[in-house]
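Nothing in this text is a laboratory measurement; each read-out follows from the coordinates by a stated rule. Small disclaimer: the values here were computed from a predicted structure and weren't measured. We place every Cβ from the backbone using ideal geometry, glycine too, and count neighbours over all the protein chains shown.
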Amino acid sequence: MAKKQLQLGRPSPIPSSPDRAVLDRVPNPHAGANYIARFTVPEFTVLCPITGQPDFAHLVIDYLPARYLVESKSLKLYFNSFRNYGAFHEDCTVAIGKKLNSLLKPKWLRIGGYWYPRGGMPIDVFWQTGKLPKDVWVPDQGVAPYRGRG
């Protein structure tokens, strides 16, 4: 069976939609250790499926890897595939968490979607799966609640 070629190290266009995006995984060189990997996406963009207007979020993804890690270039391409795609805040946040969970089968994963206000109201969405071992330290996601101008 031929080994699948990763997107890393070769030209890779931005996928036209999240459904067409390919997330790559690589073996975890420290599969026996409990540690947290964090991805922060301060400029995530998706389109409102009703108005077509852009919505922006600050995403924070924390996971406790098991056998696999997500390859970061493929993850960046996946995030960029949402830029011309229509979906609600809740759908984006939960779908990203579920896709990563399905690919990686981590011991624990959480995603926080901190959405910037449009129409006068921010929407924050949180999803997690798995059980975090008691001896694993996970820092706060570090995103302040929306305070407007004050």
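Among the candidates Asp140, Asp135, Asp91, the residue that is among the acidic types (Asp, Glu), free of Cβ contacts under 8 Å to residues at least 60 places away in the same chain and more than 24 Å from Ser16 (Cα to Cα) is uniquely Asp140.
Here Ala33 meets each of (1) closer than 30 Å to Pro117 by Cα; (2) aliphatic (A, V, I, L, M); (3) free of Cβ contacts under 8 Å to residues at least 12 places away in the same chain with one exception, condition (1).
Exactly one residue out of Val136, Val125 is in contact with an Asp or Glu (Cβ under 8 Å, 6 or more places away or on another chain) and either in a strand (DSSP E or B) or over 19 Å from Cys48 (Cα atoms) (or both): that is Val125.
Can you confirm whether Val46 is in contact with a Cys (Cβ under 8 Å, 6 or more places away or on another chain), among the β-branched types (Val, Ile, Thr) and within 30 Å of Arg118 (Cβ to Cβ)? Yes; evaluated as a whole, the condition is true for this residue. Scanning the stretch 31-71 for residues that are of a type outside the set (A, V, I, L, M, F, W, C), in contact with a strand residue (DSSP E or B) (Cβ under 9 Å, 6 or more places away or on another chain) and over 20 Å from Tyr85 (Cβ atoms) gives Asn34, Tyr35, Arg38, Thr40, Asp62, Tyr63, Pro65, Arg67, Tyr68, Glu71. For the stretch 114-136, a tally of residues being of a type in the set (A, V, I, L, M, F, W, C), surrounded by 15 or more Cβ atoms within 10 Å (Cβ to Cβ) and under 16 Å from the mean Cα position of the chain (by Cα) returns 3.
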